[in-house]
Amino acid sequence: GMAKAYKEAVSVFQAEIKTRKVVVDITERGIIVSLSADAYFRPASAELDIDQARGVLEKLVALLTKTDLKDKKVRIEGHTDATGTDPDGPWPTNWKLSAARSLSVLDYLIDFGAEPSQFSVVGYGEYQPIFPNDTEEHRSKNRRVDVVILRSK
């Protein structure tokens, strides 16, 4: 069940949890594997730093293709901080940046062997912060991509 899969996720991502690049949580929605945007993306970009991200994405694919999770739906949810983006840049809004980051994660997961029919992609922009955007540390925690493994209805 989900509790067992959660324990497995915590053990799989132990190194990344220690270095604060990943947070693993279990809620009423399901298991959340939260990737720090600062650790895995180039600044103000939707491009994954694949040298940094490859290991964590490969572990995620392994987790999602194992038996107890392979029938679950997975939502990839991008989040930014509340700092405005460059209106003349490639990401004129935080909505576009957050959605593009989710899509980047999806593209690599599928490249690495995940099952495309499991996924949906969401961008929340700055509108679901987990901390107030009042310090650099809090803003950093708000910049994340959450991979949510949903409980079956």
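In whole angstrom, how far apart do the alpha carbon centroids of region 4-30 and region 51-90 sit?
Cα centroid of region 4-30 versus Cα centroid of region 51-90: 13 Å apart.
Please compute the modelled spin-label separation between residue 17 and residue 134, points set 7 Å along Cα→Cβ, answer in nm with one decimal.
Distance between the two pseudo-spin positions: 2.9 nm.
What angle, in degrees between 0 and 90 and rounded to the nearest 10, separates the Cα long axis of helix 50-65 from the longest principal axis of the Cα atoms of the chain?
It is inclined by approximately 40 degrees.
Compute the helix-to-body angle for 94-111: its Cα long axis versus the longest principal axis of the chain, expressed 0 to 90° and rounded to tens.
Helix 94-111 and the main axis of the chain meet at about 30 degrees.
Let's see if you can work this out: charge +1 on each Lys and Arg Cβ, -1 on each Asp and Glu Cβ, no other charges. What is the dipole magnitude of region 1-87 about its Cα centre, in debye to the nearest 20?
460
On a 0 to 90° scale, report how tilted helix 2-12 is relative to the longest principal axis of the chain, with both axes built from alpha carbons and the result rounded to the nearest 10.
70
Relative to the present Cα-Cα distance, how much length would full extension add between residue 51 and residue 25 at 0.36 nm per residue of separation?
Full-extension gain reported as 6.9 nm.
Which of 69, 55, 43 sits closest to the plus end of the dipole of region 1-84, meaning its Cα is farthest towards the positive end, when Lys and Arg get +1 and Asp and Glu get -1 on the C-beta?
Selected residue: 69.
Of the listed peptides 74-82, 18-26, what is their order by residue-averaged count of other C-beta atoms within 10 Å, with the highest listed first?
74-82, 18-26
If I model a spin label at residue 115 and residue 103 as a point 7 Å from the Cα along the Cα→Cβ vector, what separation in nanometres do I get?
Rounded to a tenth, the inter-label distance reads 2.5 nm.
I'd like the carbon and sulfur percentage of the solvent accessible area for region 1-146, probe radius 1.4 Å, heavy atoms only, ligands and nucleic acids excluded.
Its accessible area is 54 percent carbon and sulfur atoms.
The values are calculated or read from the model by the stated rules, or taken from the named source; none is laboratory data. What you see is a predicted model, and the numbers here were worked out from it, not measured in a lab. So basically every Cβ, Gly included, is an ideal-geometry build from the backbone, and we count neighbours across all protein chains shown. What goes into the accessible areas is simple: the full protein's heavy atoms, side chains included, and nothing from ligands, DNA or RNA. Shrake-Rupley method; radii C 1.70, N 1.55, O 1.52, S 1.80 Å.
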